[in-house]
Number of protein chains: 2
Amino acid sequence: MNPINTTDLTAALQWRYATKAFDSQKKIDSTTLEALLETLRLTPSSFGLQPWKFIVVENPALREQLRAQSWNQPQVTDASHLIVLAVKEAVTVNDISEWINCLALTQQTPIDQLAPLQGMIQQFTGAMSADDMLHWNTRQLYIALGQLMTCAALLEIDSCPLEGISPASYDQILGLAGSGYCTKVACAIGYRSGLDKYANAPKARFPQEKIIVRM
Amino acid sequence: MNPINTTDLTAALQWRYATKAFDSQKKIDSTTLEALLETLRLTPSSFGLQPWKFIVVENPALREQLRAQSWNQPQVTDASHLIVLAVKEAVTVNDISEWINCLALTQQTPIDQLAPLQGMIQQFTGAMSADDMLHWNTRQLYIALGQLMTCAALLEIDSCPLEGISPASYDQILGLAGSGYCTKVACAIGYRSGLDKYANAPKARFPQEKIIVRM
(Lines give C-alpha, C1' and ligand atoms only; values in the text may rest on other atoms or scores of the structure.)
Protein backbone atom coordinates (compact mmCIF):
# COMPACT_ATOMS: atom_id res chain seq x y z
CA MET A 1 0.00 0.00 0.00
CA ASN A 2 1.21 3.51 -0.80
CA PRO A 3 2.13 5.60 2.22
CA ILE A 4 -0.48 8.12 1.02
CA ASN A 5 -3.32 8.09 -1.49
CA THR A 6 -3.74 10.60 -4.32
CA THR A 7 -6.64 12.40 -2.64
CA ASP A 8 -4.75 13.07 0.58
CA LEU A 9 -1.64 14.09 -1.35
CA THR A 10 -3.49 16.63 -3.45
CA ALA A 11 -5.34 17.90 -0.37
CA ALA A 12 -2.03 18.48 1.44
CA LEU A 13 -0.67 20.48 -1.49
CA GLN A 14 -3.89 22.49 -1.65
CA TRP A 15 -3.60 23.16 2.08
CA ARG A 16 -0.09 24.55 1.70
CA TYR A 17 0.34 28.26 0.99
CA ALA A 18 3.10 30.80 1.42
CA THR A 19 2.37 31.58 5.04
CA LYS A 20 2.78 35.28 5.78
CA ALA A 21 1.80 35.26 9.46
CA PHE A 22 3.09 32.54 11.74
CA ASP A 23 1.98 31.76 15.26
CA SER A 24 5.12 32.74 17.15
CA GLN A 25 4.09 30.66 20.15
CA LYS A 26 3.97 27.32 18.37
CA LYS A 27 7.19 25.39 17.95
CA ILE A 28 7.75 22.36 15.75
CA ASP A 29 8.40 19.33 17.96
CA SER A 30 11.81 17.73 17.70
CA THR A 31 10.65 14.52 15.96
CA THR A 32 9.00 16.50 13.18
CA LEU A 33 11.91 18.93 12.89
CA GLU A 34 14.43 16.11 12.61
CA ALA A 35 12.28 14.47 9.93
CA LEU A 36 12.24 17.70 7.94
CA LEU A 37 16.01 18.03 8.23
CA GLU A 38 16.28 14.46 7.04
CA THR A 39 14.16 15.31 3.98
CA LEU A 40 16.72 18.01 3.20
CA ARG A 41 19.56 15.55 3.60
CA LEU A 42 17.87 13.00 1.35
CA THR A 43 17.25 15.49 -1.48
CA PRO A 44 18.41 14.18 -4.86
CA SER A 45 21.07 16.19 -6.69
CA SER A 46 22.94 15.92 -9.94
CA PHE A 47 25.54 13.12 -9.67
CA GLY A 48 24.63 13.01 -5.98
CA LEU A 49 27.05 15.87 -5.28
CA GLN A 50 24.86 17.61 -2.66
CA PRO A 51 26.35 21.06 -3.22
CA TRP A 52 24.75 22.69 -0.21
CA LYS A 53 24.50 23.53 3.44
CA PHE A 54 21.29 24.10 5.36
CA ILE A 55 21.45 26.47 8.30
CA VAL A 56 18.67 25.97 10.81
CA VAL A 57 18.28 29.18 12.76
CA GLU A 58 16.38 29.16 16.01
CA ASN A 59 18.28 31.86 17.91
CA PRO A 60 15.98 34.91 18.29
CA ALA A 61 18.76 37.52 18.25
CA LEU A 62 20.20 36.14 15.03
CA ARG A 63 16.76 36.08 13.51
CA GLU A 64 16.18 39.72 14.40
CA GLN A 65 19.36 40.54 12.54
CA LEU A 66 18.27 38.44 9.56
CA ARG A 67 14.81 40.02 9.54
CA ALA A 68 16.40 43.42 9.11
CA GLN A 69 18.02 42.03 5.95
CA SER A 70 14.73 40.56 4.68
CA TRP A 71 12.54 43.61 4.06
CA ASN A 72 11.45 43.22 7.68
CA GLN A 73 9.31 40.20 6.83
CA PRO A 74 7.86 38.86 10.11
CA GLN A 75 8.10 35.22 8.98
CA VAL A 76 11.87 35.42 9.63
CA THR A 77 11.41 35.89 13.36
CA ASP A 78 7.92 34.53 14.01
CA ALA A 79 8.07 31.09 12.43
CA SER A 80 9.16 28.19 14.56
CA HIS A 81 12.43 27.84 12.64
CA LEU A 82 14.14 29.57 9.76
CA ILE A 83 16.06 27.40 7.34
CA VAL A 84 18.65 29.16 5.20
CA LEU A 85 19.61 27.30 2.04
CA ALA A 86 23.19 27.95 1.02
CA VAL A 87 24.88 26.68 -2.11
CA LYS A 88 28.43 25.44 -2.52
CA GLU A 89 29.79 27.89 -5.06
CA ALA A 90 32.15 25.48 -6.78
CA VAL A 91 32.38 21.72 -6.88
CA THR A 92 36.11 21.01 -6.70
CA VAL A 93 38.15 17.90 -7.42
CA ASN A 94 38.33 17.43 -3.64
CA ASP A 95 34.55 17.64 -3.31
CA ILE A 96 34.15 14.98 -5.97
CA SER A 97 36.67 12.82 -4.18
CA GLU A 98 34.82 13.23 -0.89
CA TRP A 99 31.57 12.22 -2.59
CA ILE A 100 33.12 9.17 -4.25
CA ASN A 101 34.53 8.11 -0.87
CA CYS A 102 31.10 8.47 0.72
CA LEU A 103 29.57 6.40 -2.07
CA ALA A 104 32.22 3.69 -1.82
CA LEU A 105 31.85 3.47 1.94
CA THR A 106 28.03 3.41 1.94
CA GLN A 107 27.72 0.91 -0.86
CA GLN A 108 30.79 -1.10 0.14
CA THR A 109 32.20 -0.74 -3.35
CA PRO A 110 35.98 -0.81 -3.94
CA ILE A 111 36.97 2.75 -4.74
CA ASP A 112 38.71 1.85 -7.99
CA GLN A 113 35.40 0.59 -9.39
CA LEU A 114 34.15 4.14 -9.01
CA ALA A 115 37.07 5.69 -10.90
CA PRO A 116 35.15 5.91 -14.20
CA LEU A 117 32.29 7.75 -12.47
CA GLN A 118 34.74 10.03 -10.72
CA GLY A 119 36.47 10.81 -14.01
CA MET A 120 33.16 11.52 -15.70
CA ILE A 121 32.06 13.95 -12.99
CA GLN A 122 35.46 15.66 -13.07
CA GLN A 123 35.28 16.04 -16.82
CA PHE A 124 31.73 17.37 -16.73
CA THR A 125 32.30 19.87 -13.93
CA GLY A 126 35.76 20.81 -15.18
CA ALA A 127 34.23 22.02 -18.46
CA MET A 128 31.93 24.48 -16.67
CA SER A 129 32.58 28.16 -16.12
CA ALA A 130 32.42 29.36 -12.51
CA ASP A 131 29.15 31.13 -13.30
CA ASP A 132 27.57 28.10 -14.93
CA MET A 133 28.57 25.95 -11.99
CA LEU A 134 27.08 28.34 -9.47
CA HIS A 135 23.80 28.38 -11.43
CA TRP A 136 23.82 24.61 -11.75
CA ASN A 137 24.44 24.10 -8.06
CA THR A 138 21.76 26.65 -7.19
CA ARG A 139 19.23 24.77 -9.31
CA GLN A 140 19.99 21.66 -7.26
CA LEU A 141 19.38 23.70 -4.12
CA TYR A 142 15.89 24.51 -5.37
CA ILE A 143 15.14 20.79 -5.59
CA ALA A 144 15.82 20.76 -1.84
CA LEU A 145 13.52 23.75 -1.37
CA GLY A 146 10.79 21.95 -3.30
CA GLN A 147 11.20 18.72 -1.36
CA LEU A 148 11.22 20.64 1.93
CA MET A 149 7.99 22.54 1.26
CA THR A 150 6.22 19.43 -0.03
CA CYS A 151 7.26 17.31 2.94
CA ALA A 152 6.38 20.07 5.38
CA ALA A 153 2.85 20.25 3.96
CA LEU A 154 2.51 16.49 4.33
CA LEU A 155 3.38 16.80 7.99
CA GLU A 156 0.98 19.74 8.33
CA ILE A 157 3.81 22.17 8.84
CA ASP A 158 3.42 25.58 7.24
CA SER A 159 6.21 27.13 5.25
CA CYS A 160 7.11 30.30 3.46
CA PRO A 161 9.90 30.44 0.89
CA LEU A 162 11.84 33.70 1.10
CA GLU A 163 13.73 35.03 -1.88
CA GLY A 164 13.34 38.63 -0.75
CA ILE A 165 16.42 38.58 1.43
CA SER A 166 19.88 40.09 1.19
CA PRO A 167 22.08 37.05 0.62
CA ALA A 168 25.36 38.88 1.24
CA SER A 169 24.11 40.16 4.60
CA TYR A 170 22.87 36.71 5.51
CA ASP A 171 26.34 35.36 4.70
CA GLN A 172 27.91 37.91 7.04
CA ILE A 173 25.48 37.26 9.88
CA LEU A 174 25.69 33.48 9.58
CA GLY A 175 29.44 33.39 9.13
CA LEU A 176 29.26 31.98 5.62
CA ALA A 177 31.25 34.78 4.00
CA GLY A 178 34.47 33.35 2.60
CA SER A 179 33.43 29.76 3.38
CA GLY A 180 32.75 28.71 -0.21
CA TYR A 181 29.05 28.53 0.54
CA CYS A 182 26.63 31.38 -0.03
CA THR A 183 23.00 32.02 0.85
CA LYS A 184 20.49 31.75 -1.99
CA VAL A 185 17.06 31.44 -0.43
CA ALA A 186 15.44 30.82 2.94
CA CYS A 187 12.35 29.01 4.13
CA ALA A 188 10.42 29.76 7.31
CA ILE A 189 8.66 26.76 8.81
CA GLY A 190 6.13 26.53 11.61
CA TYR A 191 2.42 27.04 12.14
CA ARG A 192 0.14 29.57 10.50
CA SER A 193 -1.41 32.22 12.67
CA GLY A 194 -5.20 32.20 12.93
CA LEU A 195 -4.96 35.84 11.88
CA ASP A 196 -3.27 35.26 8.50
CA LYS A 197 -5.71 36.71 6.01
CA TYR A 198 -4.14 34.63 3.25
CA ALA A 199 -4.75 31.32 5.04
CA ASN A 200 -8.21 30.77 3.64
CA ALA A 201 -7.80 32.39 0.23
CA PRO A 202 -8.52 29.92 -2.58
CA LYS A 203 -5.29 28.73 -4.18
CA ALA A 204 -4.72 30.43 -7.52
CA ARG A 205 -3.01 28.49 -10.29
CA PHE A 206 -3.21 28.54 -14.06
CA PRO A 207 -5.46 25.80 -15.42
CA GLN A 208 -3.83 22.57 -16.64
CA GLU A 209 -4.59 23.53 -20.27
CA LYS A 210 -2.12 26.41 -20.02
CA ILE A 211 0.80 24.60 -18.50
CA ILE A 212 0.43 20.89 -19.29
CA VAL A 213 0.94 19.58 -22.81
CA ARG A 214 0.34 15.93 -23.66
CA MET A 215 2.04 14.25 -26.58
CA MET B 1 -4.08 13.81 11.98
CA ASN B 2 -1.30 14.34 9.46
CA PRO B 3 -1.80 12.66 6.11
CA ILE B 4 1.48 10.84 6.74
CA ASN B 5 3.71 10.26 9.75
CA THR B 6 7.41 11.05 9.89
CA THR B 7 8.48 7.40 9.71
CA ASP B 8 6.54 6.68 6.52
CA LEU B 9 7.69 9.95 4.97
CA THR B 10 11.35 9.22 5.60
CA ALA B 11 10.90 5.65 4.39
CA ALA B 12 9.39 6.88 1.11
CA LEU B 13 12.33 9.21 0.52
CA GLN B 14 14.74 6.38 1.33
CA TRP B 15 12.89 4.13 -1.12
CA ARG B 16 13.27 6.68 -3.92
CA TYR B 17 16.37 6.52 -6.10
CA ALA B 18 17.34 7.70 -9.57
CA THR B 19 15.89 4.74 -11.41
CA LYS B 20 18.11 3.67 -14.31
CA ALA B 21 16.11 0.69 -15.55
CA PHE B 22 12.34 0.93 -15.79
CA ASP B 23 9.89 -1.89 -16.40
CA SER B 24 8.68 -0.92 -19.86
CA GLN B 25 5.54 -3.04 -19.46
CA LYS B 26 4.16 -1.20 -16.44
CA LYS B 27 2.17 1.95 -17.01
CA ILE B 28 1.09 4.46 -14.39
CA ASP B 29 -2.71 4.33 -14.04
CA SER B 30 -4.61 7.44 -15.01
CA THR B 31 -5.67 8.43 -11.45
CA THR B 32 -2.07 8.41 -10.28
CA LEU B 33 -0.79 10.18 -13.39
CA GLU B 34 -3.37 12.93 -13.06
CA ALA B 35 -2.45 13.37 -9.39
CA LEU B 36 1.22 13.76 -10.36
CA LEU B 37 0.34 16.35 -13.00
CA GLU B 38 -1.69 18.14 -10.39
CA THR B 39 1.35 18.22 -8.08
CA LEU B 40 3.20 19.97 -10.92
CA ARG B 41 0.39 22.46 -11.34
CA LEU B 42 0.27 23.19 -7.61
CA THR B 43 4.02 23.85 -7.35
CA PRO B 44 4.82 27.12 -5.56
CA SER B 45 6.76 29.74 -7.51
CA SER B 46 8.06 33.21 -6.87
CA PHE B 47 5.14 35.70 -6.88
CA GLY B 48 3.05 32.76 -8.09
CA LEU B 49 4.15 33.43 -11.68
CA GLN B 50 4.41 29.76 -12.70
CA PRO B 51 6.95 30.37 -15.47
CA TRP B 52 6.75 26.93 -16.99
CA LYS B 53 5.22 24.28 -19.17
CA PHE B 54 5.30 20.55 -18.52
CA ILE B 55 5.24 18.30 -21.55
CA VAL B 56 4.04 14.79 -20.81
CA VAL B 57 5.36 12.52 -23.51
CA GLU B 58 3.84 9.10 -23.95
CA ASN B 59 4.21 8.70 -27.74
CA PRO B 60 6.84 5.99 -28.40
CA ALA B 61 8.11 7.45 -31.68
CA LEU B 62 8.71 10.85 -30.10
CA ARG B 63 10.45 9.22 -27.19
CA GLU B 64 12.78 7.32 -29.52
CA GLN B 65 13.72 10.67 -31.04
CA LEU B 66 14.26 12.19 -27.60
CA ARG B 67 16.33 9.23 -26.44
CA ALA B 68 18.73 9.84 -29.31
CA GLN B 69 19.21 13.34 -27.84
CA SER B 70 19.72 12.01 -24.30
CA TRP B 71 22.93 10.00 -24.52
CA ASN B 72 20.71 7.06 -25.41
CA GLN B 73 19.51 6.71 -21.83
CA PRO B 74 16.87 3.95 -21.75
CA GLN B 75 14.77 5.72 -19.13
CA VAL B 76 13.57 8.10 -21.85
CA THR B 77 11.75 5.34 -23.74
CA ASP B 78 11.22 2.67 -21.09
CA ALA B 79 9.58 4.59 -18.29
CA SER B 80 5.82 4.81 -18.23
CA HIS B 81 5.90 8.53 -19.05
CA LEU B 82 8.53 11.16 -19.72
CA ILE B 83 7.90 14.62 -18.35
CA VAL B 84 9.86 17.44 -19.94
CA LEU B 85 10.15 20.55 -17.81
CA ALA B 86 10.33 23.71 -19.88
CA VAL B 87 10.86 27.21 -18.57
CA LYS B 88 9.29 30.43 -19.78
CA GLU B 89 12.33 32.40 -20.87
CA ALA B 90 10.97 35.83 -19.96
CA VAL B 91 8.15 36.98 -17.73
CA THR B 92 6.57 39.84 -19.67
CA VAL B 93 4.15 42.57 -18.64
CA ASN B 94 1.43 40.51 -20.35
CA ASP B 95 2.35 37.41 -18.34
CA ILE B 96 2.10 39.40 -15.13
CA SER B 97 -1.26 40.73 -16.23
CA GLU B 98 -2.50 37.22 -16.98
CA TRP B 99 -1.40 36.09 -13.55
CA ILE B 100 -3.05 39.01 -11.79
CA ASN B 101 -6.27 38.25 -13.70
CA CYS B 102 -6.10 34.62 -12.62
CA LEU B 103 -5.55 35.69 -9.02
CA ALA B 104 -8.43 38.19 -9.09
CA LEU B 105 -10.79 35.66 -10.62
CA THR B 106 -9.85 32.83 -8.25
CA GLN B 107 -9.94 34.92 -5.12
CA GLN B 108 -12.84 37.10 -6.26
CA THR B 109 -10.80 40.20 -5.59
CA PRO B 110 -11.42 43.41 -7.56
CA ILE B 111 -8.52 43.76 -9.97
CA ASP B 112 -7.65 47.30 -8.85
CA GLN B 113 -6.91 45.99 -5.35
CA LEU B 114 -4.17 43.93 -6.95
CA ALA B 115 -2.59 46.91 -8.72
CA PRO B 116 0.10 47.42 -6.05
CA LEU B 117 1.12 43.76 -6.30
CA GLN B 118 1.14 43.98 -10.09
CA GLY B 119 3.30 47.11 -9.97
CA MET B 120 5.70 45.49 -7.55
CA ILE B 121 6.14 42.41 -9.72
CA GLN B 122 6.61 44.58 -12.79
CA GLN B 123 9.24 46.65 -11.06
CA PHE B 124 11.08 43.60 -9.75
CA THR B 125 11.09 41.70 -13.03
CA GLY B 126 11.68 44.84 -15.10
CA ALA B 127 14.97 45.40 -13.29
CA MET B 128 16.31 41.96 -14.26
CA SER B 129 18.57 41.21 -17.19
CA ALA B 130 17.31 38.58 -19.64
CA ASP B 131 19.94 36.19 -18.33
CA ASP B 132 19.07 36.74 -14.69
CA MET B 133 15.41 36.23 -15.44
CA LEU B 134 16.05 32.97 -17.25
CA HIS B 135 18.10 31.71 -14.31
CA TRP B 136 15.47 32.85 -11.83
CA ASN B 137 12.67 31.16 -13.74
CA THR B 138 14.74 28.01 -14.10
CA ARG B 139 15.26 27.87 -10.34
CA GLN B 140 11.49 27.94 -9.92
CA LEU B 141 11.26 25.06 -12.37
CA TYR B 142 13.51 23.01 -10.10
CA ILE B 143 11.05 23.50 -7.25
CA ALA B 144 8.57 21.72 -9.52
CA LEU B 145 11.11 18.97 -10.19
CA GLY B 146 11.62 18.55 -6.45
CA GLN B 147 7.91 18.46 -5.69
CA LEU B 148 7.33 15.98 -8.52
CA MET B 149 10.01 13.50 -7.38
CA THR B 150 8.90 13.72 -3.75
CA CYS B 151 5.23 13.21 -4.57
CA ALA B 152 6.03 10.38 -6.96
CA ALA B 153 7.92 8.56 -4.20
CA LEU B 154 4.97 8.99 -1.85
CA LEU B 155 2.74 7.31 -4.43
CA GLU B 156 5.36 4.58 -4.93
CA ILE B 157 6.15 5.80 -8.41
CA ASP B 158 9.77 5.65 -9.46
CA SER B 159 11.46 8.57 -11.11
CA CYS B 160 14.71 9.58 -12.73
CA PRO B 161 15.67 13.21 -13.23
CA LEU B 162 17.50 13.72 -16.51
CA GLU B 163 19.83 16.66 -17.01
CA GLY B 164 21.95 14.79 -19.56
CA ILE B 165 19.79 15.77 -22.49
CA SER B 166 20.18 18.14 -25.42
CA PRO B 167 17.69 20.90 -24.59
CA ALA B 168 17.85 22.51 -28.04
CA SER B 169 17.09 19.20 -29.74
CA TYR B 170 14.25 18.56 -27.31
CA ASP B 171 12.84 21.99 -28.20
CA GLN B 172 12.94 21.10 -31.89
CA ILE B 173 11.33 17.69 -31.43
CA LEU B 174 8.63 18.96 -29.08
CA GLY B 175 7.86 22.08 -31.11
CA LEU B 176 9.02 24.44 -28.38
CA ALA B 177 11.60 26.26 -30.50
CA GLY B 178 10.55 29.87 -30.89
CA SER B 179 7.66 29.49 -28.43
CA GLY B 180 9.22 31.46 -25.59
CA TYR B 181 9.58 28.24 -23.59
CA CYS B 182 12.68 26.08 -23.57
CA THR B 183 13.56 22.67 -22.19
CA LYS B 184 15.70 22.62 -19.06
CA VAL B 185 15.39 19.14 -17.56
CA ALA B 186 13.30 16.00 -17.87
CA CYS B 187 12.00 13.40 -15.47
CA ALA B 188 11.11 9.83 -16.35
CA ILE B 189 8.38 8.32 -14.16
CA GLY B 190 7.13 4.76 -13.90
CA TYR B 191 8.14 1.53 -12.20
CA ARG B 192 11.62 0.21 -11.54
CA SER B 193 12.67 -2.95 -13.31
CA GLY B 194 13.48 -5.94 -11.14
CA LEU B 195 16.78 -6.00 -12.98
CA ASP B 196 17.96 -2.52 -11.99
CA LYS B 197 21.19 -3.17 -10.15
CA TYR B 198 20.90 0.21 -8.42
CA ALA B 199 17.49 -0.53 -6.92
CA ASN B 200 18.83 -2.13 -3.76
CA ALA B 201 22.00 -0.13 -3.30
CA PRO B 202 22.06 1.65 0.06
CA LYS B 203 21.33 5.36 -0.38
CA ALA B 204 24.49 7.41 -0.10
CA ARG B 205 24.31 10.87 1.43
CA PHE B 206 26.70 13.00 3.40
CA PRO B 207 26.05 12.83 7.15
CA GLN B 208 23.97 15.60 8.72
CA GLU B 209 27.09 17.01 10.41
CA LYS B 210 28.47 18.02 7.03
CA ILE B 211 25.43 19.73 5.61
CA ILE B 212 23.24 20.85 8.50
CA VAL B 213 24.29 23.69 10.77
CA ARG B 214 22.22 24.67 13.80
CA MET B 215 22.30 28.15 15.26
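The values are calculated or read from the model by the stated rules, or taken from the named source; none is laboratory data. All values derive from a computational prediction rather than experimental measurement. Glycine also receives a Cβ, built like all others from the backbone with ideal geometry; neighbour counts cover every protein chain displayed.
Looking only at the range A:44-56, residues that are polar (S, T, N, Q) and out of contact with any Ser or Thr (no Cβ under 9 Å at 6 or more places or on another chain) come to 2 in all.
With the structure loaded, tell me whether A:Gly194 is more than 8 Å from chain B (Cβ to nearest Cβ), under 25 Å from B:Val87 (Cβ atoms) and modelled with pLDDT under 95 or whether it fails that test. Against the criterion (more than 8 Å from chain B (Cβ to nearest Cβ), under 25 Å from B:Val87 (Cβ atoms) and modelled with pLDDT under 95), A:Gly194 does not qualify. Residues in the range B:38-82 that are in a strand (DSSP E or B) and within 30 Å of B:Ala104 (Cβ to Cβ): B:Trp52, B:Lys53, B:Phe54, B:Ile55, B:Val56. Could you check, for the range A:156-164, whether at least one of its residues is of a type in the set (Asp, Glu), under 16 Å from the mean Cα position of the chain (by Cα) and either on the phi > 0 side of the Ramachandran plot or surrounded by fewer than 19 Cβ atoms within 10 Å (Cβ to Cβ) (or both)? Looking through the range A:156-164, at least one residue is of a type in the set (Asp, Glu), under 16 Å from the mean Cα position of the chain (by Cα) and either on the phi > 0 side of the Ramachandran plot or surrounded by fewer than 19 Cβ atoms within 10 Å (Cβ to Cβ) (or both).
This table checks each residue for (1) crowded, with 22+ Cβ neighbours inside 10 Å; (2) touching a strand residue (DSSP E or B) at 6+ places or on another chain (Cβ under 7 Å).
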position	(1), (2)
B:Lys27	no, no
B:Leu33	no, yes
B:Glu38	no, no
B:Leu49	no, no
B:Asn59	no, no
B:Ala68	no, no
B:Leu85	yes, yes
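Taking the criterion of being over 16 Å from A:Thr92 (Cβ atoms) and touching a Lys or Arg at 6+ places or on another chain (Cβ under 9 Å), the residues of the range A:110-143 that qualify are A:His135, A:Thr138, A:Arg139, A:Leu141, A:Tyr142. Restricted to the range B:147-215, the set of strands (runs of 3 or more DSSP E) holding at least 3 residues that are touching a His at 6+ places or on another chain (Cβ under 8 Å) and farther than 30 Å from A:Leu176 by Cβ comprises B:181-190.
Taking the criterion of being among the aliphatic types (A, V, I, L, M), within 13 Å of chain A (Cβ to nearest Cβ) and either free of Cβ contacts under 8 Å to residues at least 60 places away in the same chain or closer than 16 Å to A:Met215 by Cβ (or both), the residues of the range B:164-185 that qualify are B:Ile165, B:Ile173, B:Leu174, B:Leu176. Go through the range B:197-215 and give me each residue that's facing chain A (nearest Cβ under 9 Å) and farther than 24 Å from A:Asp95 by Cα. Within the range B:197-215, B:Met215 is the sole residue that qualifies. Taking the criterion of being crowded, with 17+ Cβ neighbours inside 10 Å and without any contact (Cβ under 8 Å) to a residue 60 or more places away in the chain, the only residue of the range A:70-82 that qualifies is A:Thr77.
With respect to B:Ala90, determine if the residue is away from every other protein chain (no Cβ under 11 Å) and in contact (Cβ under 8 Å) with a residue 24 or more places away in the chain.
Yes.
For the condition part of a helix (DSSP H, G or I), modelled with pLDDT of 95 or more and either buried (at least 24 other Cβ atoms within 10 Å of the Cβ) or within 20 Å of the chain's Cα centre (by Cα) (or both), A:Gly119 does not qualify.
Out of B:Ala188, B:Ala144, B:Ala130, B:Ala199, report the one residue that is closer than 29 Å to B:Lys20 by Cβ and surrounded by fewer than 19 Cβ atoms within 10 Å (Cβ to Cβ). So the residue among B:Ala188, B:Ala144, B:Ala130, B:Ala199 that is closer than 29 Å to B:Lys20 by Cβ and surrounded by fewer than 19 Cβ atoms within 10 Å (Cβ to Cβ) is B:Ala199.
How about the range A:8-37: which of its residues are part of a helix (DSSP H, G or I) and charged (D, E, K, R)? Within the range A:8-37, A:Asp8, A:Glu34 qualify.
For B:Pro3, are the conditions met, namely being surrounded by 22 or more Cβ atoms within 10 Å (Cβ to Cβ) and not in a helix (DSSP H, G or I)?
Answer is no for this residue.
The residue that is farthest from A:Asp171 (Cα to Cα), among those in the range A:65-87 that are over 18 Å from the mean Cα position of the chain (by Cα) and within 13 Å of chain B (Cβ to nearest Cβ), is A:Trp71.
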